[in-house]
2 protein chains.
Amino acid sequence: MSFVQDLGSIAIAGLGPGDEALVTPEVTAALAEATDVVGYFPYAARVAPREGLTVHASDNRVELERAMLALGLAAQGRKVVVVSSGDPGVFAMAAAVFEALESGPDHWRTLDIRVLPGITAMLAASARAGAPLGHDFCAINLSDNLKPWPVIEKRVRLAAEADFAIAFYNPRSKARPAGFARILEILQEACGPDRLVLFARAVSCPNEELRIVRLSEARADMADMRTLVIVGSSRTRVIERTGQPILYTPRSALGASS
Amino acid sequence: MSFVQDLGSIAIAGLGPGDEALVTPEVTAALAEATDVVGYFPYAARVAPREGLTVHASDNRVELERAMLALGLAAQGRKVVVVSSGDPGVFAMAAAVFEALESGPDHWRTLDIRVLPGITAMLAASARAGAPLGHDFCAINLSDNLKPWPVIEKRVRLAAEADFAIAFYNPRSKARPAGFARILEILQEACGPDRLVLFARAVSCPNEELRIVRLSEARADMADMRTLVIVGSSRTRVIERTGQPILYTPRSALGASS
């Protein structure tokens, strides 16, 4: 009598910014088939409990342990979904899982691993405000302590010189409370006081707040741990109208000075 | 007898990269309520015909005309959905609609306008390959003729100096057939021959093709109009395994030279 071991799998899934209407059907289907969900508490809490599903919720700042747990469960034949907010490939769990995979036992490399994309915070924030990312842009994570501060400052200066719109993830890091204030100083120096800035908090959630200001008015305490900040390019503009103004970057850079 | 005019609306919606399982429920709901869909032929063709829905499909390179058509229909009280591939805010229709709105009649500014985000090509491509955008990154559009070529070259050089992973949209522009070859030369000069490059074609579609090469092996003809290219940062790595290798950028930049 032959016996084929049921191989486990890992799907590293993006839950989007918060609204269930922004979760892709692909992610919903993976969650419906999962035996185990692994994730940071607030994201794991977004998965509805059901019979046959074990939820492994863990604290922040233990991404590698969480990744190893998920890989170990899959190696036991479980169908694991690792949940991230937004998109798992953008400052989230996918890279952590691959770091753990690379340094882990060889048999992990035979596992069925998929990344299921999601609506990342900058796309959701951009959509709510208009289209500030309508021309070339970049994304910089200010959150972690995995990056020397001089690298961040250099990157921000080069991004300003390239005239990218810049999306800042995790602007108010607990590890670096003064960092974002310094970034705003650098940008005001590089881009001038009139550059437009979007503070988008809890996007797509009931307590969503959007605020559009000039760099000269921007203060670090306008951002918290749930805020995504987009600093426009030199072309980013506002359309005033009844209700919320529209922030957008035109497609054309003809006649650009940079 | 009073009469309240039914105000029209525009939703500028992202259909994702191709697979229906990557279309958000928010977009599906907007399409179900639409009276009119406006879009470039291949995207409009993705919307299922039904009674009460008029589809206005148009050719490429007429984004502004398409945007004005959509705004005009909404001003007549229609429920319009403008469809883009990917995310409408990333090198797609949202900026075009706002350009038309800004230069159009004042009453357009009273319309109900929403942008509905979608899975943009770089997130889908990144997910299929692993997590090449797991650290700071930028997105550069090589397609249109709305940007002077020296601006593009400068931006690519600065992005390489900042050590961003770089996602190139529309690498093979008809207007600039030699442009992408020049970009590959610049990158090889700036980043060296070993830098990893992902060519992701028709991501999430049945004819999807992924190819991971070094910059020294990368050729412009590896990309066509349906290809998204991601050039890794100095940290981007490959995990070899049975089946497709995994391309990813670790979260840490500690000890980075740049």
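Ellipticity at 222 nm from helices only: DSSP H runs of n ≥ 4 in chain A, each -39500 (n - 2.57), divided by the residue count, give -8500 deg cm²/dmol. Considering the dipole of the protein assembly as shown built from charges on the beta carbon (Lys and Arg +1, Asp and Glu -1) around the Cα centre, which of A:ALA139, A:VAL80, B:VAL151 is farthest to its positive end? Working it through, the farthest residue towards the positive pole turns out to be B:VAL151. Please give every one of the aspartates and glutamates within straight-line cross-link reach of B:LYS79, meaning a C-alpha to C-alpha distance under 14 Å, and leave out same-chain neighbours fewer than 8 residues apart. Once the sequence-local aspartates and glutamates are set aside, what remains near B:LYS79 is B:ASP6, B:GLU33, B:ASP36, B:ASP112.
Taking the DSSP bridge list for chain A and keeping only pairs wholly inside it, about 40 percent are antiparallel.
Computed over neighbours whose Cβ is under 15 Å from that of B:ALA21, the net charge equals -3, Lys and Arg +1, Asp and Glu -1. Chain A's nearest residue to the axis relating it to B, judged by Cβ and reported with the distance in whole Å, is A:CYS138, 2. Note on A:LYS147: lysines with a C-alpha under 28 Å away, same-chain residues under 8 apart excluded, are A:LYS174, B:LYS154.
Charged neighbours of A:ALA129, selected by a Cβ distance under 14 Å, balance to +2 (K, R count +1; D, E count -1). Looking at region A:9-119 alone, DSSP beta bridges between its own residues are antiparallel in about 5 percent of cases.
Membrane-span-like helices in chain B (whole DSSP H runs, Cα extent of at least 27 Å along the helix axis, mean Kyte-Doolittle hydropathy of at least 1.0): none found. Taking a Cβ cut-off of under 13 Å around B:PHE199, the surrounding Lys, Arg, Asp and Glu residues balance to a net charge of +2, with basic ones at +1 and acidic ones at -1. Across peptide B:236-246, the mean count of Cβ atoms from other chains lying within 10 Å of each residue's own Cβ comes to 3.
Sequence-distant contacts, meaning Cα pairs under 8 Å at least 6 residues apart, place the relative contact order of region A:11-93 at 43 percent. Over what distance in Å are the Cα centres of region A:60-104 and region B:158-221 separated? Using only Cα atoms, the two centres lie 28 Å from each other. Largest GNM mean-square fluctuation among A:LEU71, A:LEU133, A:LEU101, using chain A with Cα springs under 10 Å: A:LEU101. Exposure proxy for A:ASP224, A:ASP19, B:ASP136: other Cβ atoms within 10 Å of each Cβ, ordered fewest to most, give A:ASP224, A:ASP19, B:ASP136.
Provide the percentage of antiparallel DSSP beta bridges, counting only those with both residues in the protein assembly as shown; round to the nearest 5. Roughly 40 percent of the beta bridges in the protein assembly as shown run antiparallel, per DSSP.
Taken as Cα centroids, region A:115-141 and region B:19-55 sit 22 Å apart, rounded to the nearest whole angstrom.
Every number in this text was worked out from the coordinates using simple rules, so none of it is lab data. Note that the coordinates shown come from a computational prediction; the quantities given were computed from them, not determined experimentally. Note: ideal-geometry Cβ built from the backbone for every residue, glycine included; neighbour counts use all protein chains shown.
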